[in-house]
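Novice: Please read through the structure below; I'll follow up with questions.
None of the figures in this text is laboratory data; all of them are computed from the coordinates on show. Here the structure is a predicted model, which is why all the values come from computation and not from measurement. Here Cβ is always computed from backbone atoms with ideal geometry, including for glycine, and neighbour counts include all displayed protein chains.
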Amino acid sequence: MVCLAYIAKSEYVSTGTEWREMDNEKNFTLRVMTIDDYDDVFALWNSISGFAIRSIDDSREGVDIFLKRNPSTSVVAIADGKVVGAILCGNDGRRGCFYHVCVLKDYRRHGIGREMVAFCMEALRKEHINKVSLIAFTKNDVGNAFWNSIGWTKRLDLNYYDFTLNTENIIAFIDN
C-alpha cells in the first residue's frame, strides 16, 4: 500500500519511451528497457554479489524474447551516462512479476529502486494488471529490507514451487 501511495505522488514527464522524474534534484533518468540495453544490464547483473543468472533465460536471446512479450514494462535507470539499475517486468494478463530488480551498489539509497518500481507498476496498471509479485532469495538481506521498506507484503500463507523444463537452463550465482 505504501508503494501505491508513492506512485500516485510520482510525477513523470514522457519524452517518447523515456520518463524523467520532474523533481530536478534527481540525478537519474528512467526509460523502458530494450534489447539494446542488454550488454549494460548483463554487466550490472554480474557486478552484484549473490545475483543469480540463468544460462538460457538471462542470455541475450532469452531477454529478447521476454522484452518482445513485455515491450513497455521493463525499466533501466541511467546515471552518469551508464545503466545503474534495472527491472525485468512482465505479466501473464492477470498478474505482474518483477525479475532481477537491482541497483548498482554505489547508487543505492538514492531513490532509484523505488522509482523503478513505481515506473513498472504504472506500466502494469496501464495494462490493467492489479497485482504484482516477485521472488527474493531469503539470503538477500538488502533486497528483502528494500521490499519491506516500501510496503510489500511477504506471503506466509503459500509455498512456492517450480519445475525445470529445460535442464540446460543452469543457474549461476555471482560471487564478487
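Novice: Going highest first, how would you order 143-150, 157-164, 127-134 by mean Cβ packing within 10 Å? Please report the intermediate quantities before stating the final value.
Specialist: Details: 143-150: 15.1, 157-164: 5.8, 127-134: 13.2.
Taking the mean over residues of other Cβ atoms within 10 Å, the ranking is 143-150, 127-134, 157-164.
Novice: Considering only the other residues whose Cβ falls under 13 Å of the Cβ of Ile56, what net charge follows from Lys and Arg at +1 and Asp and Glu at -1? Mind showing how you got there, number by number?
Specialist: Details: positive: Arg54, Arg60; negative: Asp57, Asp58, Glu61, Asp64, Glu168.
With Lys, Arg at +1 and Asp, Glu at -1, the net is -3.
Novice: Report the Cα-based extents of the chain along its three principal axes, largest first, to the nearest Å.
Specialist: Sorted largest first, the three principal extents are 47, 38, 30 Å.
Novice: Decide, for the range 105-176, between rounded, prolate and oblate: order the square roots of the alpha carbon gyration tensor eigenvalues as a ≥ b ≥ c, take rounded if a/c falls under 1.5, and otherwise choose prolate if a/b is larger than b/c, else oblate.
Specialist: Since a/c reaches 1.5 but b/c is at least a/b, the shape of the range 105-176 is classed as oblate.
Novice: To continue, here is another question. How big is the gap, in Å, between the Cα center of the range 72-120 and the Cα center of the range 145-176?
Specialist: 16 Å
Novice: Excluding Thr153 itself, calculate the net charge of residues whose Cβ lies under 15 Å from the Cβ of Thr153, where each Lys or Arg counts +1 and each Asp or Glu counts -1.
Specialist: My count for the surroundings of Thr153 gives +3.
Novice: Okay, next question. Take every Cα pair under 8 Å in the range 94-135 that's 6+ residues apart, average their separations, divide by the length, and report that relative contact order as a whole percent.
Specialist: 72 percent
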